[in-house]
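Notes follow once the structure below has been shown.
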Amino acid sequence: MIYLACLVDDNPFIESGYIEALESTADKIKFERLRRGNWDYDDNPNALCSYDSLTEIFGNPLALKTGVKYLTADIARFGADKAIIAVWDGWVIIDYRIFAVSKTTKIQECINFFREKYRFPRYRSIADEDGVGGGVVDNCRIKGFVNGSSPLKGENYENLQAQCGYKLAERINDNEVGFEAEISEDEKEKIIIDLEQLQSWKSDDDKKLKLKPKAEIKAEINRSPDWRDVFLMRKWFDYKGVNVPRNVNKAMFGL
């Protein structure tokens with residue numbers, strides 16, 4: 001057996017615009033692997049998720065789907081940026097909506113619509129409570145996620161956001177997270193880039209585990225990592241007793 005290396009330029013049937021899209025991507029790993037053929041490239045020792053586990057999220061047959069529905073919503077701090085609402089079945093996103101502008105009345109209507117459509121209670125719905133999100137939490141009477149609040153169960157993290165981010169990364173690396181809803185290739189790339197920002201960060205004297213700060217992320221990708229926050233809020237429910245057992249699918253298949 002031999003390995004014959006070729007690049008995208010060697011493919012005479014490549015679809016129009018594909019190379020240009022690779023050239024302009026902000027995803028350095030994707031560029032190195034798919035444009036330059038450097039398949040082993042991964043330049044970030046602080047990354048909490050492997051690149052392969054991130055790409056496996058879409059259509060993942062091993063993801064934990066349990067029939068128990070949840071909702072997570074990232075709402076822009078000042079109502080100017082986009083908002084994302086996602087519906088989960090276990091650890092699989094089955095539906096979502098993206099709002100170009102965070103108009104709270106429309107977001108509240110969407111949350112209530114999803115709850116009625118998929119028939120799940122308010123206590124399995126959560127939104128980012130910072131900024132305008134606080135009003136959505138109050139009006140929809142759902143749970144609120146405060147990024148800078150203390151970690152749950154006294155674990156050694158800088159805050160709740162870091163705690164959920166690290167634990168989300170474990171789920172992703174164990175191939176337990178999935179995305180089943182229809183989604184564009186452009187939005188897939190945004191999700192992967194956002195989840196690549198799940199990175200460890202330098203600790204202070206207290207030695208608490210930290211995530212890469214949002215200010216650093218925005219400086220690197222030129223936007224807020226909205227999808228990252230939608231994903232990591234899902235972990236809150238595991239800590240609050242609305243649990244999905246780990247390795248459910250593996251047990252079902254005798255693995």
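Structure above, values below:
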read-out	value
Qualifying residue in region 160-171 (condition: open to solvent by 20 Å² or more (accessible area, probe 1.4 Å), in contact (Cβ under 8 Å) with a residue 60 or more places away in the chain and over 11 Å from LEU232 (Cα atoms))	no
Test: residue in region 73-84 that is of a type in the set (Asp, Glu) and open to solvent by less than 70 Å² (accessible area, probe 1.4 Å)	yes
Qualifying positions in region 91-107 - open to solvent by 70 Å² or more (accessible area, probe 1.4 Å) and in a loop (DSSP other than H, G, I, E, B)	ALA100, VAL101, LYS103
Residue match in region 181-189 (condition: within 22 Å of ASP238 (Cα to Cα) and open to solvent by 10 Å² or more (accessible area, probe 1.4 Å))	no
Selection count, region 5-44, where residues are open to solvent by 80 Å² or more (accessible area, probe 1.4 Å) and either within 30 Å of ALA219 (Cα to Cα) or outside any loop (DSSP other than H, G, I, E, B) (or both)	9
Restricting region 170-227 to residues that are in a loop (DSSP other than H, G, I, E, B) and over 16 Å from the mean Cα position of the chain (by Cα), the residue that is nearest to CYS49 (Cα to Cα)	LYS202
Whichever residue in region 228-246 is touching an Asp or Glu at 6+ places or on another chain (Cβ under 8 Å) and assigned to a loop (DSSP other than H, G, I, E, B) and, among such residues, is modelled with the lowest pLDDT	VAL244
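The values are calculated or read from the model by the stated rules, or taken from the named source; none is laboratory data. Remember, it's a predicted structure, so these values are computed and weren't measured experimentally. Neighbour counts run over all protein chains shown; Cβ positions are idealised from the backbone, glycine included. When the accessible area is computed, the model is the full protein with side chains, heavy atoms only, and any ligands, DNA or RNA have been set aside. Shrake-Rupley method; radii C 1.70, N 1.55, O 1.52, S 1.80 Å.
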